[in-house]
1. Run the 1.4 Å probe and let me know the accessible area of Asp523, rounded to the nearest 10 Å².
2. Of Lys67/Lys532; Lys56/Lys313; Lys116/Lys313; Lys56/Lys376; Lys74/Lys110; Lys65/Lys110, which sit over 29 Å apart, Cα to Cα?
3. Based on Cα coordinates alone, diagonalise the gyration tensor for region 237-341, multiply each eigenvalue by 5, take square roots, and list the semi-axes in whole Å, largest first.
4. Tell me, what is the percent relative contact order of the chain, built from C-alpha pairs under 8 Å that lie six or more residues apart?
5. Could you sort Glu526, Glu182, Glu28 by accessible area so the largest value comes first, with the probe set to 1.4 Å?
6. Heavy atoms only, 1.4 Å probe, whole protein assembly: order Trp94, Trp498, Trp189, Trp102 by accessible area, highest first.
7. Out of Ile254, Leu160, Leu362, whose Cα points farthest toward the positive end of the dipole of the chain (charges: +1 Lys, Arg; -1 Asp, Glu; placed on Cβ)?
8. Calculate one ³J(HN,Hα) per residue across region 23-33 by plugging θ = phi - 60° into the Karplus curve 6.51 cos²θ - 1.76 cosθ + 1.60, and present them in order as whole Hz with x for glycine and proline.
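The values are calculated or read from the model by the stated rules, or taken from the named source; none is laboratory data. Owing to the predicted nature of the structure, the values given are computational and were not obtained by experimental measurement. Cβ coordinates were reconstructed from backbone atoms using ideal geometry, including for glycine residues, and neighbour counts include every protein chain displayed. Each accessible area value is taken on the protein alone, full model and side chains, heavy atoms only, with ligands, DNA and RNA left out. Shrake-Rupley method; radii C 1.70, N 1.55, O 1.52, S 1.80 Å.
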Amino acid sequence: TIPHDPRYASYMPYEAIYLRYSVAVAEELYQSAPGYDHPFSYGVRMRLLGNLIESKPMWGGEALKIKRYISQGKMKHFFPMHKPDQLVGLKRIWMDWNVLPWNQPFLAIKNYFGEKIASYFLFQGHYTRWLVLPAVIGLVMQIITFCYPTLKAGFNAPYLPFYSGFICIWAIFMMQYWKRLEAKTAMEWGCAGYEEGVPDMCEFKGEKMKSFVTGDEVIFFPTSSRTNYTRQSAVAVIIMIGIVLVAVASIYIIRDKLVDQGMTVSNAQTIASIINVVQISLADFLYGFASTELTKRENHRTLIQYEDSQVSKIFAFQFVNSYSSFFYVAFIAGRIDANGCGIHGCMYALGINLAIIFGSRLVQGNVTEILIPYLKATYMPPEPGASRPADEYRLAPYDTSDQVLSNFSETAIQFGYQTLFASALPFASTFAMISNLVEVKGDAWLLLDVHQRPTAMMVEDIGAFQAIFTIISCISVITNAALIKFTMNTLNVYSQFWQWVLFVLFQWGVFGIQGIAMYLINDESETISYQKERAAFYE
């Protein structure tokens, strides 16, 4: 008998235990799925069916390249059908406005739409919940900033460095506790260890040969060839980043020309920020096609490898595309020209630039993602008498992999806006929280009413985005320390020696706290470890 002591292990000995299914094991030893007399729920069978259709024969599949057939016109479309009774039930409990992002019905979302989509909503819920405190503090500080005797003094107020330090520490704590929630959820949903032995992508190409390890027949693609393609992709990304930097530089040349012709720096900066919004959106749109084609050329074996490679490309480009103008205003404009930031100083110009770009992107995102589909759904009703498959065919397609990647990229950029330059616009966190409250409901509505039912996909974690959010948290320490030393005038009362001392102390003090948090907050709790060890023992 396996003992249970709730003081040390919150799960019962046989709770949340998932083992590999085998026909050699009596089926009654597996727990039946709710409503079925076998272990396979509807969601699991739907995912297995998708794998059988698209996987290679060596994985028991048919290797049908669905996306290629659709793009070539050989197939109209391919999507799972909704189950009306389950859809109505999920809509009733999910779309209630009393349901906040952190208490969404995540298990029901997972059962209907799959683990990948549910993980995105789980992260959004966790992130939004953690935003409440910085949103309140940031709003109060922004009000105080505007109430200062002069705008220049307000945007250089002595309390702002403390707020930026708080945001840097908050960011790393948020991510560490996300890792714990992610590990707990992966175990409860049976996703832990999923990435081991995932099937090859149907698009993966190579030479059929015997494995050098097991002797089984495999498809082999030399690592050296993929490395060569990856290097070519890196060069292409660097060139495109260079083009973006030239575009941003051109925008600020135009701004300086407007100032030379008599326009105030503040008005010229506003115009530059608006042009920058258009440039960022257009560059992101065009780069999306380029990154997809570059990643396809690299011929990755699994979807996980493919997505991680694409995420790294997107992050590298979007980081420069989204934030380069802020670095220019914060650290370059005032050094090129003493009045390059206007009479209110570079911190004010940086805050206005951040407010315009961040606010515009939030509005643009909600308009394109929610308002336009809403108008289409309102003024393009279903055809009377159409069959249910035909009715669902007219709904907007939903590519689970691409859409979730896009949603996470958008969240990562938003995260950077509020952490990298925290002292310039304290209520950026307030913007972010309000936007998330709207976006979570909007994304839920799109899935339930606007899109075709997505193909369910399993994931163990949020992949490369885990590292990206952590990297942004660490970079924010450097950028905020640099703002305090080189852009704000708060430290001007001290000598250069003590300014450098405070700069180093801030930077490495916050880094130290982040390091301590990473060390003390384990990625998974002890009770999760017990369940994983129990599962290994049972197997």
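1. The accessible area of Asp523 comes to roughly 80 Å².
2. Result: Lys67/Lys532; Lys56/Lys376; Lys74/Lys110 exceed 29 Å.
3. Numbers: eigenvalues 243, 29, 18 Å².
Gyration-tensor ellipsoid for region 237-341: 35, 12, 10 Å.
4. Numbers: 586 pairs, mean separation 149.0, N = 539.
The value is 28 percent.
5. Values: Glu526 115, Glu182 25, Glu28 150 Å².
Solvent-accessible surface, decreasing: Glu28, Glu526, Glu182.
6. Correct descending sequence by accessible area is Trp498, Trp102, Trp189, Trp94.
7. Selected residue: Ile254.
8. My calculation for region 23-33 gives 5, 7, 10, 4, 5, 5, 6, 8, 6, 6, 5 Hz in order.
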